[in-house]
1. Tell me the residue from G56, G39 that is out of contact with any Phe, Trp or Tyr (no Cβ under 6 Å at 6 or more places or on another chain), among the small types (G, A, S) and modelled with pLDDT under 90, please.
2. Would you say R251 is modelled with pLDDT under 90 and among the basic types (K, R)?
3. Out of S164, S173, S129, S79, which single residue is small (G, A, S) and farther than 23 Å from R22 by Cβ?
4. Can you name the condition, by its number, that A147 falls short on among (1) under 16 Å from L234 (Cβ atoms); (2) surrounded by fewer than 16 Cβ atoms within 10 Å (Cβ to Cβ)?
5. If the Cβ limit is 8 Å and pairs must be 6+ apart or interchain, which residue in the range 25-47 that is touching a residue at least 24 places away in the same chain (Cβ under 8 Å) pairs with which residue that is charged (D, E, K, R)?
6. At least 3 residues that are buried (at least 18 other Cβ atoms within 10 Å of the Cβ) in each: list the helices (runs of 4 or more DSSP H) lying fully within the range 154-255 that qualify.
7. Check whether at least one residue in the range 64-78 is modelled with pLDDT under 90 and more than 17 Å from the chain's Cα centre (by Cα), and report yes or no.
8. Which numbered condition in (1) buried (at least 21 other Cβ atoms within 10 Å of the Cβ); (2) of a type in the set (G, A, S); (3) under 21 Å from L207 (Cβ atoms) is the only one that A122 fails?
Amino acid sequence: MSTATVVVRASRAEWSRIWSVRSSWFLVAAIALAVVGLGTVAGLDVANNPGQGQEGGGTAWDVAGFTTMFALFGTVAWSVVASTTDHATGAIVPTLQWTPRRGLLLAVRSTVITATVTLVGAALVAVASLAVRAVAPGLELPLAEGARSLGDTAMVLACAALLSIGLGLATRSTAAAVVIAVALLLFLPVFMGQLPYEWAVTVAKHLPGSSALFLILGNDLFDDLTATTARLTLVSWAAAALAVGGRRLVRSDAT
């Protein structure tokens with residue numbers, strides 16, 4: 001059997017595995033409710049306070065931008081669940097019987113999960129922006145800014161997904177991986193950045209969450225943070241986590 005055939009077969013299996021469990025549909029529904037719902041609420045708030053959204057040339061993309069944080073949290077949870085379920089249920093044994101080449105399984109699993117959660121998350125943020133525009137027609141919806149905004153959103157979500165998959169494969173525990181990922185992406189950057197210690201601020205600056213916040217919200221928590229360094233930081237963390245998780249998948253006993 002050719003490698004291409006095995007990749008296609010494994011990709012179909014991973015796609016079916018994601019969508020054949022109720023947890024995926026529940027997570028999508030929860031993310032959609034949070035992202036689109038809160039985006040609509042933000043749009044209504046702007047509509048009731050017309051000057052609020054237009055100050056500084058604000059657009060519907062700007063108003064809906066904060067909803068990416070909820071998509072980010074959902075991405076972390078969904079990626080971890082999708083990458084750890086096999087180990088939690090013991091289904092990893094038949095999975096490896098179906099795809100015994102572990103390196104190939106790692107590549108296919110990380111690609112399918114990342115592509116799925118990133119596309120869903122970015123699409124929901126786009127829908128939230130359209131909802132803002134619908135309830136607050138005074139706001140502009142420029143395509144060029146939308147492409148840039150959604151591009152940054154997709155990159156952040158993709159890196160967060162790869163980071164979460166790596167943590168899930170490394171810990172083989174849904175709870176542990178979620179806690180670590182949320183700490184790195186949402187809690188520690190803000191908490192450590194506020195501590196009155198230079199070492200804590202330095203550590204916080206290099207955490208993936210600081211870069212994610214910068215790209216999503218434009219919040220420059222640190223003076224020397226740029227879009228380029230933020231992207232490099234996210235990619236580095238994602239690659240490192242996936243390397244650690246992948247090594248355990250390939251080298252360690254599956255059970």
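The values are calculated or read from the model by the stated rules, or taken from the named source; none is laboratory data. These numbers come from a predicted model, not from an experiment. Here the Cβ is made from the backbone with ideal geometry for all residues, glycine too, and neighbour counts use every protein chain on show.
1. Details: G39 fails: modelled with pLDDT under 90.
Exactly one of G56, G39 is out of contact with any Phe, Trp or Tyr (no Cβ under 6 Å at 6 or more places or on another chain), among the small types (G, A, S) and modelled with pLDDT under 90, namely G56.
2. Details: modelled with pLDDT under 90: yes; among the basic types (K, R): yes.
Against the criterion (modelled with pLDDT under 90 and among the basic types (K, R)), R251 qualifies.
3. Working: S164 fails: farther than 23 Å from R22 by Cβ; S173 fails: farther than 23 Å from R22 by Cβ; S79 fails: farther than 23 Å from R22 by Cβ.
When all the criteria are applied, what remains is S129.
4. All conditions are met except number (1).
5. Once the first residue is touching a residue at least 24 places away in the same chain (Cβ under 8 Å) and sits in the range 25-47, its partners that are charged (D, E, K, R) give G43/R133.
6. Details: elements: 174-182, 188-193, 198-205, 208-217, 227-251.
So the answer is 174-182, 188-193, 208-217, 227-251.
7. No.
8. That leaves (3) as the condition not met.
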